[in-house]
Structure formats: C-alpha cells, structure tokens
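Working notes for the structure below.
Quick note: the coordinates plus some simple rules give every number you see, no bench work behind them. Everything quoted here is computed from the prediction, not taken from an experiment. Neighbour counts are summed over all protein chains in view; Cβ atoms, including those assigned to glycine, are modelled from backbone coordinates with ideal geometry.
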Amino acid sequence: MKRIFQISILIVISMVLFACDEPEITYQLNFDTNGGTEIESVIIDQNTQLTLPEDPVKEGYMFWGWYLDDTTFINAFTNDSLDNLDLSNDLTIYAKWVNNNNVVEIIINTAGGPSYDSFYVERGETIELPQIVREGYTIDYWFTIIDQHLYTIEDGIFEVNYPISEITLQISWIMDIYLVNYELNGGINNPENISYYVTTDAIELYDPEKEGYVFMGWYDNEDFTGNTINEIPIGSNIDYTLYAKWEIGQFQITYNIYDSDISYVDFPLEIGQSVRKISIGSDHFGLLTSDGQVYTWGDNYYGQLGYYSISRYAYPSNITHRFDLQVGEEISNIFMNSKSSYAVTTLNRVFAWGYNYYGQLGDGTTIDRFDPIDITDQFNLLPDETIIQYTSSFYFSMVVTSSGRVLAWGKDNYIWLDGGQHVAELTPTDMTIMFNLNVDEKIVNAEVSGYRAIAISSTGRVFEWGDNKYGAPGDGTLVAQFVPVEITNAFNLIEDEVITQVDFGYFSSIALSSTGRIFTWGNNDYGQLGNGTGVSSYIPIDITDQFLLDQNESIVDISGGSSHFVVITSSNRIFTWGYIYHGVLYEITNPFQLVPLDITERFVFNENETISNLSVGGLNSLIITSENRVLAWGYINQYLISGSVVSWITHEILLDHIHLAQSFEINTYQEIIDLYVPDREGYTFSGWYMDSRFIIEFELTTMPHYDLMLYGYWIPND
C-alpha cells in the first residue's frame, strides 16, 4: 500500500513540472492603417505590457486613434486595452482618420487661471467644457469669439459646428469678495475697514471709535483670547469675523498756570516749545513751533491765515488742526508770500491756502482757499523724490526737489513757463530743461522775488532771469530775460569759490559766496547795493570791504526786504543798508543808507545769546535768538505785535512759557470732576479756562472722552 502512495505522488509532481515548463501562448497584433503608412505586426501574449508604435501618417488626414473595428470606430484601443481582452486568436486593430478639413483645434484660454492644453475634435462633435479652478475667483461664463461675434456657452456644453480650424474658448471670471464682519460692541467702525478680494494688498485694520472707551484691538473670537489681529494678509481667501475689544477710558486733566505776573503775552508757548520759524507775507504772518504747531495772524481777506472768516486777526491762532495730517506727521516748514501761504510736512506733503487768482496755489484752480489743501499729487514726484526748497513771490511759486528738478507754477510776466504766452500755470510745471544743465549737474537752490528768479547748481553755476529793469538779472544788460541765463562769470570768483546763498530786494539782488564775500547788483536808488553810491549796477559788485569785519569774522546769513538788506555775521553783529527809514532802530533824517550800517548796539542780548534765524519782510525785519526770543524792528504794525504802529525801536515779541502747576488722571470716563483749586499769595484764583487767552471758561462737571488742558487765571489782590 505504501508503495502505491509513493507512485501517486511522483505522478502529481511530474504533471506540475510539465505544466511549469509549458510555454506562454503568443498571438500576432496586426495594424490596419486604412491607407496610412504601414506598421509591422508585433507578437503579444496575455501579459504583454504594450506600447503602441508611432502614429501612422496619411496625407490630408489626421490620425484619430486605434480601434477594434473599422466601421463604427466605437471601441478605442490603447496601451491598456490588453488588460481587458481575453486573447484567443491573433488581433487586428484599425486606424481611424479624420479629414483635415473636419479637424478643429480647441484652445482653452483660462484668463489668469491654471493653464490647460489644447486638443483636437471632429467638427460636429459636442464637447463638455473642462472644470477649471482659480483661487479667489468664480467662473461667470464661458465664451468664444468667432468672426468678431461673441457667443456665450450655456450649461458647460459646446457643439463644434463652426467652419473654422481653430476655436478659442475663454473664461470670464468674477472675483470672489471675502467678507469681513466687524463686531463693534457699541463702537463706530473706521470707514477704512473694508471687505477684500484675494488680490487685495495686505489690509491694515484701523481702530474704530467708541466715546469714552479705549480700543484694545481686534480679535478673531468673542472671548478675546489669543493675539490681536492687525492686518489681513495678502492672498487670504476666507471670510472673517473680527471682534472689537474695549476698555473704559482714563483721561488726564493738565492744569497750567503762568509762572509770572504777566496776564497777557503776545504768544504763549507750551512747556518745551520753542519758535522754529516766523515767515512774513505782505500783511500776514506765520509762526512754526518746534513741535510742528502752526500759528497765523494778520490780514485774512483771501484766506491766507487759514480761517473761514475774512476778518483781520491781531493775535496768533493755532491752525494746525486744519491740516489733514496723518498719525505722526508734523508741519516741518512754512512759507508766507504776498497773500498766499504754504506748508511742508515731515512726510513731504505740501499744503497751500489763500489767494489763488493766478493759480499760485498750484491746485489746478483759481479759487481762493480758506483752509489748507494738499497739493502734493500735483507735483508728480518720482519715487523717493522730496521737496527740499520752496520759494514764492507775488503770484508765482517754485520748488527744488532732491532730484534737482525745478517745478514752478502761477503767473509772472517776466518768469515764463509757457513759451511767452503769459498764461498762468495752474499746477506745478517742470522747467528744469530750461537750465541746459550738464550731465550729473542739478539745481540745489533757488529764490523768487518781485519779478525775478535766481538759481544755483550743484557745480556752483548761477542762473538768473526775469524783469531786467535796472539790470536786476545781473547779465550786464537791460534786456528782460524770460529763460534762465547763466551769470556765474559776472561774479569774478576766485578758484574754488562758489555762490552759496542768494536773495532779493524788489529790483536788486544780493549773494554770499563760500569765502564770505558779499555781492550786490541791480537798482541802487536808495543805496541798497551798499557800495557808497546811488548808481545802479548791471553786474554783481563785491562790497565785502564795506563791512569793516573783524579778523576771523565772516558773514553767515543774508536777507532782503523791498529796498533794504540785512546780514548777520559770525560775531553776532547785524548790518543793514538801503532804504532804512523803518529799519535802523532810531530816528534819522536821511533814510538812504549807502553803505552797511552796524545796528547791533540797538539790541540787548543776554550773555552767550546768539542769533539763530533771520527773516526780512518788505518794511520789517526780525530775528529769533538761541534763547527763543523773537526781536522785531522796522514798520511793525498791529498784526506783528500787540498795539499800534511802532517805528525806530526794537520790539521783543513777548513769549512766555505756561508752567505746569499740577496734573492728574481721572480714572474713568464720565466720572465727576473735582477741580483742583490752587493757592497763590497776593492773588485770588478766578477759575479755569479752556484756552491760554482766558476766553472760554471751563464748565464741564464730568470727565469727557478726551484729555483736558486747562489754564488758570489769577486776579491780583488790591
């Protein structure tokens, strides 16, 4: 029995071994190209990983694929088709051809979406449009343009029945709007807070407002946990809900009391303030403090003070709030011309207001402006280009930029910008090309006065143009110059000496060189050339020797009035000459001063006090000292100081600092105010005021939603 079992096992093993050695059955795959180029047959079996040969070619036709039948061409044959066939015989596949005249290329224009390969279809075929996804956008509709006609495609199906060989299918997108829902919790939203698109730049979130409360930030949850959200980054593509967090406000009362018996000063300054600049117009004045506050006073008929009333103002008023300044932005410079005013900010923005009949404000109109308007966009400044100098005359203004460009606007019959047509330019016009500058040379300084202008280049060249009455442009002629004319050679400068500063009278000019020499030219009817004669000069003349300067003393600043000049020396001396009836600080019989006159002794300076700023108007002059004193002289009218007209004397514009008596915080908004009552020997406290001139009495009983600055008024006891 055992032997029989062993024989059976041997038979089974032999059968298995025989089966393993049996070869795979192969078949022949034939290619019927239906008139195309011949393709040799290949041997295949059931497990062959097929790679179809290169497509055949048939003239006038496009190969449309291989099929299992040559009549209906329904069942396509591809590299993977063998996996689904049970081979038992040789196999023939058939080439399908489409006449080139019936082939249409479909091009997909995704219009900013992801690219999509073109493909071919047979004319008469109906195709389903592809699913294209573009982040931040939704398909509005598909369309195609054929023979200049636009056809929209409905329901995502397109029937290719046009007699052309190429059709472009295009997408029209709708940009998705992502909503930002602002939960304000009783506040008022900032209008700058917006919804956005996926292409929107990063959105800075602005603070809302809620009376009496302090905004603590935006959060993405109503429990105010996690970090505050300050911006929505570019590329975001979700809706947001932001929650405003508030805390009840704490506001401060500051009590201010004068530290002296002066109950009135010409100009009260806050603690830490100083006068940076005073600018003089025809009948109005501007004062700029060290912290960017702007005060104006004088005539306001054309709005040059920046108030809405045409009244005249004898006392300085703060107009800083009338500038639309950004957070952290301050006024850095002011300029008063005849009847217009200008200011430049720390962000290089330019504001203008006042008289505008000839377009001298540069805002594109001839409308007088009673409040400062931003004209920065009118300059078309280049990236990183800033305005480094501003100058103006009666109806004409000019700026010099950091790129050396000279822009001018307004009207002046002798300073033409329009080819001699006498047409006012209502916006800044680039006139740099008129200077015919060399490569890398640029204008660095310019001045306008009366009917003339002068400019200095980076290489020290001097240009002047305008009315040439009395030889004012300094070119040696009496011919009006309507474009800049170089007059550098007229100065007879020594080697390496250049002109560094220039200024004007009405029909005369003054220049200071790098070696400290003084040159004058033009009209000399009143002795304003300072050369000891009354004879006008058509070219610059050196009058430095007329000053009798001490050894190592030099002239450091120059300025011109209508028919007189004032200079300051390094030794703190003051000289003046020309028509000085209102400018010598004592009564005189002859107002024509033909040579520079030292008037320093008429001033009383403190020890180590120096002159830090000089400003000269038509008939008046003033200086600002290192001790923050302002001294004025000349024709001082009631708009420059309090009181009536004063001549022949120096007058100090009284400045006084308001000293802090006490300050403390009120803990919460709407808390009852318990006013501090000071005590001072010899005086009775009269009460608190909202302004330093004691006009508006303080009457609130509860803390408002802002800080308070109060001013105490004392009445001397009899």
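Brief remarks on what is shown
- A viscosity of 1.002 mPa s and a temperature of 20 °C, combined with the Kirkwood radius over Cα pairs in Stokes-Einstein, give a translational diffusion coefficient for the stretch 33-184 of 112 µm²/s.
- Length released on extending from residue 127 to residue 72, taking residue separation times 0.36 nm less the Cα-Cα span: 17.9 nm
- Database remark: amide H of residue 444 closer than 5 angstrom to the amide H of 456, 457, 458 (H placed geometrically; neighbours at sequence offset of 5 or more, or on other chains; Pro and chain starts carry no H).
- Beta bridges assigned by DSSP with both partners in the stretch 177-248 are antiparallel in approximately 75 percent of cases.
- From most to least packed by mean Cβ count within 10 Å, the peptides 671-679, 707-715, 122-130 give 707-715, 122-130, 671-679.
- Other-chain or far-sequence residues with amide H under 5 Å of residue 137's (modelled H): 176
- Approximating the spin labels as points 7 Å out from Cα along Cα→Cβ, the residue 227-to-residue 366 distance works out to 5.8 nm.
- In sequence order, the stretch 33-50 has phi-based couplings of 7, 6, x, x, 4, 5, 10, 5, 5, 10, 8, 9, 9, 5, 9, 5, 8, 7 Hz under the Karplus curve 6.51 cos²θ - 1.76 cosθ + 1.60, θ = phi - 60°, and Gly or Pro positions carry x.
- Tail weight of P(r) past 29 Å, computed on alpha-carbon pairs of the stretch 161-312, percent: 58
- Sorted from longest to shortest, the spans of the Cα atoms of the stretch 177-248 along the three principal axes equal 37, 25, 15 Å.
- Under-5 Å amide H pairs with residue 333, H placed in peptide plane, nonlocal only: 344
- Charge sum, other residues only, whose C-beta stays under 9 Å from residue 298's C-beta, Lys/Arg counted +1 and Asp/Glu -1: -1
- Put simply, when 536-547, 322-333 are sorted by average Cβ atoms within 10 angstrom per residue, most first, you get 536-547, 322-333.
- Calculated P(r) of the stretch 107-161 - Cα pairs past 15 Å, %: 54
- All other residues whose Cβ lies under 14 angstrom from that of residue 197 are scored, Lys and Arg at +1 and Asp and Glu at -1, for a net of -3.
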